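Accompanying notes for the structure given below.
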Amino acid sequence: MPTVLLLRHGLTAMTGPVLAGRTPAVHLDERGQAQAAAVADRLAVLPLAAVRTSPLERCAETARAVTRAQQAAGRTVPQRSDRRLLECDYGDWTGREIRSLAKDPLWAVVQAHPSGVTFPGGESMAAMAERAVRAVRGVDAQLAAGEGDHALWVACSHGDVIKAILADALGLHLDLFQRLVVDPCSVSAIRYTAGRPFVLSMNDTTGDLSRFLPPKPRAGARRRRAASSDATVGGGAGAGAV
């Protein structure tokens, strides 16, 4: 099956001190623009089949840097918005300072039992996780049918959304997803197979991504079989082998 590269957007002026959520017109700041350019250069070594992005500006701008770098490498990669990759709807929490939210009794529940949280006036974390996982698995299956099992693609989204997708791939209950860290403009990689997903990389901010390059087809070779769901006992040989 294809490999999805989960990309968090770059920094904005609100990232960290304020819960931006779905606040409109939150753009990358100078730091975020530099991060987006850097990760786009790292991804430029990979022949991407598609880029899907949350429609919020900070994700669309990060994804646009990726598609421009692909174009500079001689490839035309379609970029499409997918509302299923939107940030969680934090409702009444949106736009509030984090230090203020940390005093809210709901904060402790978000930390320890996120699967039971519905934000006042907003979305439940379980619903956010369900739509995000459905989106990534659905696009992945479509690309497998159209582009083949070795296709590579990018899903550009938000921290909690990506953590939820990773938790699902790792077989973690959503209540454990706060153990995961997803930095701005980090890349995490998942390969779905018929039997299970394989998490190939998490929160990668500096590594060489060429290890995800698909194998070159050999002359006269038969069509490759679908990726195995078996893991190599003792560990794979590297370069994405499981």
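The values are calculated or read from the model by the stated rules, or taken from the named source; none is laboratory data. All figures in this text were calculated on a predicted structure; none of them were measured in a lab. So basically every Cβ, Gly included, is an ideal-geometry build from the backbone, and we count neighbours across all protein chains shown. Remember, those area values only see protein heavy atoms, side chains included, never the ligands or the DNA or RNA. Shrake-Rupley method; radii C 1.70, N 1.55, O 1.52, S 1.80 Å.
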Legend entry - Scan of region 170-187 for residues that are open to solvent by less than 40 Å² (accessible area, probe 1.4 Å) and assigned to a helix (DSSP H, G or I), ordered by number: L174, D175, F177
Inset, instruction - Restrict the check to region 165-174 and report whether at least one residue is more than 28 Å from L43 (Cβ to Cβ) and modelled with pLDDT of 95 or more. - result: yes
Legend entry - Counted residues, region 92-113 - those being in a helix (DSSP H, G or I) and either at pLDDT below 95 or within 21 Å of T15 (Cα to Cα) (or both): 11
Inset, instruction - Could you tell me whether any residue of region 27-34 is within 30 Å of T193 (Cα to Cα) and free of Cβ contacts under 8 Å to residues at least 12 places away in the same chain? - result: no
Inset, instruction - Report the residue count in region 152-178 for those that are free of Cβ contacts under 8 Å to residues at least 24 places away in the same chain and closer than 11 Å to P114 by Cβ. - result: 2
Inset, instruction - Taking V133 as the residue in question, decide whether it is in a loop (DSSP other than H, G, I, E, B), touching a residue at least 12 places away in the same chain (Cβ under 8 Å) and open to solvent by 10 Å² or more (accessible area, probe 1.4 Å). - result: no
Legend entry - Given (1) surrounded by 13 or more Cβ atoms within 10 Å (Cβ to Cβ); (2) out of contact with any strand residue (DSSP E or B) (no Cβ under 7 Å at 6 or more places or on another chain); (3) modelled with pLDDT under 95, number of the condition A227 does not satisfy: (2)
Inset, instruction - Being touching an Asp or Glu at 6+ places or on another chain (Cβ under 6 Å) and open to solvent by less than 60 Å² (accessible area, probe 1.4 Å) is the filter here, so list the residues in region 70-113 that pass it. - result: C88, D89
Legend entry - In region 6-16, the residues that are in a loop (DSSP other than H, G, I, E, B) and over 18 Å from V181 (Cβ atoms): A13, M14
Legend entry - Evaluation of P55 against (1) part of a helix (DSSP H, G or I); (2) surrounded by fewer than 23 Cβ atoms within 10 Å (Cβ to Cβ); (3) within 15 Å of the chain's Cα centre (by Cα) (one fails), failing number: (1)
